[in-house]
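Since the structure comes first, as structure tokens, the remarks are kept for the end.
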Amino acid sequence: MSGLKVMLFDLDGTLLDTATDLHRALCQLLEEDNRPPVTLDQTRRHVSRGARGLVRMAFGEVDNEPMLTSRLVDLYQQDIARDTAAFGGIDAVLNRLRELGWRWGIVTNKLETLARRVVLECRDAALLADSAVLIGGDTAGERKPHPAPLLLAADQLDAPVETIVYVGDALTDVEAGQRAGMQTVAVGWGYVPEDVPRYDQWPADHHTATPRDLYSLLDTL
């Protein structure tokens with residue numbers, strides 16, 4: 001081991017599969033506006049773009065986008081974690097981090113209040129209970145790819161950036177981690193839009209196709 005002691009994760013599409021709950025809320029919003037539903041696959045491909053990105057995907061360019069985005073968040077909060085759970089293999093990754101003595105935490109563009117609810121209410125809440133830090137998209141005043149959320153996490157953990165690895169399923173995660181001076185891991189099991197290059201083409205330090213690959217990577221860092 002080279003002295004790395006902290007692993008930070010993106011939330012949606014990296015630690016947790018939240019797409020089904022977001023999809024249900026989006027389809028409710030479409031129904032309220034007398035529009036046909038979108039598919040779960042369409043939703044999954046746009047989760048990384050947040051509530052506004054989901055609205056734009058489903059509704060196109062509309063004048064009432066801010067209102068629709070706010071309503072989507074309201075609907076999502078009403079049943080926020082019915083089907084949300086950790087991706088298969090994430091439990092082994094977190095358990096291995098504990099064995100190695102690493103701390104771990106979450107840095108997401110999801111609003112902090114929503115992120116905390118999802119972590120507390122999802123099926124795998126017990127698995128996530130020892131997260132050392134949680135930074136949301138509104139916590140630091142900037143959102144990824146700006147490095148501020150990651151730097152705030154490092155500050156709260158009192159950890160030098162060179163001791164931190166950031167893991168995410170979006171190119172913005174890699175960009176934020178690089179700008180913060182951290183090592184980065186791009187993962188291939190998350191929510192990547194069709195118009196974005198494959199995760200293994202991103203300029204990350206490491207690329208892992210599955211949580212099992214990430215588990216194996218831990219012993220080489």
Handout entry: helices (runs of 4 or more DSSP H) completely within segment 1-100 that count 1 or more residues being among the aliphatic types (A, V, I, L, M) and touching a Gly at 6+ places or on another chain (Cβ under 9 Å)
Key = 19-32
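For every residue, the table says whether it meets (1) in a helix (DSSP H, G or I); (2) of a type in the set (A, V, I, L, M, F, W, C); (3) farther than 17 Å from Gly50 by Cα; (4) open to solvent by 40 Å² or more (accessible area, probe 1.4 Å).
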| site | (1), (2), (3), (4) |
| --- | --- |
| Ala126 | yes, yes, yes, yes |
| Gly141 | no, no, no, yes |
| Leu151 | yes, yes, yes, yes |
| Val165 | no, yes, yes, no |
| Val185 | no, yes, yes, no |
Practice task
Filter segment 146-172 for residues that are without any contact (Cβ under 8 Å) to a residue 60 or more places away in the chain and farther than 19 Å from Leu221 by Cα and give the result.
Solution key: His146, Pro147, Ala148, Pro149, Leu151, Leu152, Asp155, Gln156, Asp158, Leu171
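Rundown of residues vs (1) open to solvent by less than 10 Å² (accessible area, probe 1.4 Å); (2) small (Gly, Ala, Ser); (3) touching a residue at least 24 places away in the same chain (Cβ under 8 Å); (4) under 27 Å from Val133 (Cβ atoms), yes/no style:
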residue	(1), (2), (3), (4)
Val6	yes, no, yes, yes
Leu11	yes, no, yes, yes
Arg24	no, no, yes, no
Asn34	no, no, no, no
Ala51	no, yes, yes, yes
Met57	no, no, no, no
Val62	no, no, no, no
Problem - Flag for Asp195 being part of a loop (DSSP other than H, G, I, E, B), out of contact with any helix residue (DSSP H, G or I) (no Cβ under 7 Å at 6 or more places or on another chain) and either without any contact (Cβ under 8 Å) to a residue 12 or more places away in the chain or open to solvent by less than 10 Å² (accessible area, probe 1.4 Å) (or both) - result: yes
Handout entry: Residues satisfying the stated conditions in segment 173-192, i.e. touching a residue at least 24 places away in the same chain (Cβ under 8 Å), under 23 Å from Ala85 (Cβ atoms) and more than 12 Å from the chain's Cα centre (by Cα)
Key = Val185
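The values are calculated or read from the model by the stated rules, or taken from the named source; none is laboratory data. None of these values were measured; they are calculated from a predicted model. All Cβ positions, even for glycine, are placed from backbone atoms using ideal geometry, and neighbour counts span all protein chains on display. When the accessible area is computed, the model is the full protein with side chains, heavy atoms only, and any ligands, DNA or RNA have been set aside. Shrake-Rupley method; radii C 1.70, N 1.55, O 1.52, S 1.80 Å.
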